[in-house]
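Data block below; observations after.
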Amino acid sequence: MTKTLIAGCGDVGIRLANRLVRQGHEVWGIRRNVDNLPTAIHAISADLANSKSFPDLPPDLDHVVYCAAAGERSETRYRKTYVEGLNNLLHQLNQQSNKSIRIIFVSSTAVYAQHKGEWVDENSETNPGSFSGQILLEAEQMLASSGYRHTIVRLGGIYGLGRAHFISQVKNGELSVNEQYPQYTNRIHCEDCAAVLQHIMQLETPATCYVAVDNAPVSRTEVADWLATQLKVAKPLRDAPGAIPKSQNKRCKNSRLIESGYRFQYPSYREGYRAVISELKTPV
């Protein structure tokens, strides 16, 4: 049995905790509102970004998984969540003199600035232009210099039940796509998010960084058209000729993760979105 603390125990954190508890492990979860945490998780009510009220942590931890979510897309909130929150956690761990644990930090492929359809992996340049990518990269670098054994997991776009905004846009005709530019997208189902973290925790010698996306980087147009067919609605409108999309456009490799032995429950958007549509009980 291992002892794990999940800092920022939201949707993905709860999914991970449930997996660990089923295996007989002991799990603590930190979040501001603990009312909705399953009873099998030891609840710790705290704001990670508040250094004055940061709680004592359980002793003899084996793993800490930092998977906090900003909740809103603002520079202030990102900095509080990822830099200040992680800094407070590291400070508390130092106070309790626990250097033997492994920390897993959930980051994002937003740390890559590539936008011309390039392939990127763990060794690719990270020079993000967005505040979100810059702040996440700063947090990654803080952890890397902390002296703790650690692994950084760069997730692609998370989708699943409760994260079905793209499906709703297609269904309601609220989406337009650009056929001139591929606009490559990289996804991961929320269940695979939790399973990837569990897999990394179980590796004897995990790498210090993994890109966690499914096996199929794919254009936004392809996904949207496929969903329209499944939902039996009109395909999305096309952008006017010459329009240049502003969204990210890169292809992320998951080779290192696959080579470590992980196998995706939802290896592409097709399997994943079929499951979501089924769960939503949408006629197909």
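The values are calculated or read from the model by the stated rules, or taken from the named source; none is laboratory data. Computed from a prediction, not measured in an experiment: that's the story for all the values here. Cβ placement follows ideal geometry from the backbone for every residue including glycine, while neighbour counts extend to all protein chains displayed.
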task: For GLU125, indicate whether it is modelled with pLDDT of 95 or more and surrounded by fewer than 18 Cβ atoms within 10 Å (Cβ to Cβ).
output: yes
- request: Within the range 105-157, track down each residue that is charged (D, E, K, R) and either in a loop (DSSP other than H, G, I, E, B) or within 21 Å of THR4 (Cβ to Cβ) (or both).
  value: LYS116, GLU118, ASP121, GLU122, GLU125, GLU140, ARG149, ARG154
- prompt: Can you name the residue in the range 36-54 that is more than 22 Å from the chain's Cα centre (by Cα) and in a loop (DSSP other than H, G, I, E, B) and is also surrounded by the fewest Cβ atoms within 10 Å (Cβ to Cβ) among such residues?
  reply: THR39
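One line per residue, one yes/no per condition, for (1) among the hydrophobic types (A, V, I, L, M, F, W, C); (2) surrounded by 22 or more Cβ atoms within 10 Å (Cβ to Cβ); (3) farther than 15 Å from THR221 by Cα:
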site	(1), (2), (3)
ILE152	yes, yes, yes
ARG163	no, no, yes
PHE166	yes, no, no
ASN172	no, no, yes
GLU179	no, no, no
GLN202	no, no, yes
field: Unique match (being within 18 Å of LEU143 (Cα to Cα) and touching a residue at least 60 places away in the same chain (Cβ under 8 Å)) among VAL65, VAL83
entry: VAL65
query: Can you find even one residue in the range 99-107 that is under 20 Å from the mean Cα position of the chain (by Cα), in contact (Cβ under 8 Å) with a residue 40 or more places away in the chain, surrounded by 17 or more Cβ atoms within 10 Å (Cβ to Cβ) and farther than 21 Å from TRP28 by Cα?
result: no
- prompt: Out of (1) among the small types (Gly, Ala, Ser); (2) touching a residue at least 60 places away in the same chain (Cβ under 8 Å); (3) farther than 24 Å from HIS115 by Cα, what's the single condition that is false for SER168?
  reply: (2)
field: Test for PRO58: is it farther than 16 Å from ALA139 by Cα and free of Cβ contacts under 8 Å to residues at least 40 places away in the same chain
entry: no
field: Qualifying helices (runs of 4 or more DSSP H) (wholly inside the range 211-284; at least 2 residues being over 23 Å from the mean Cα position of the chain (by Cα))
entry: 220-231
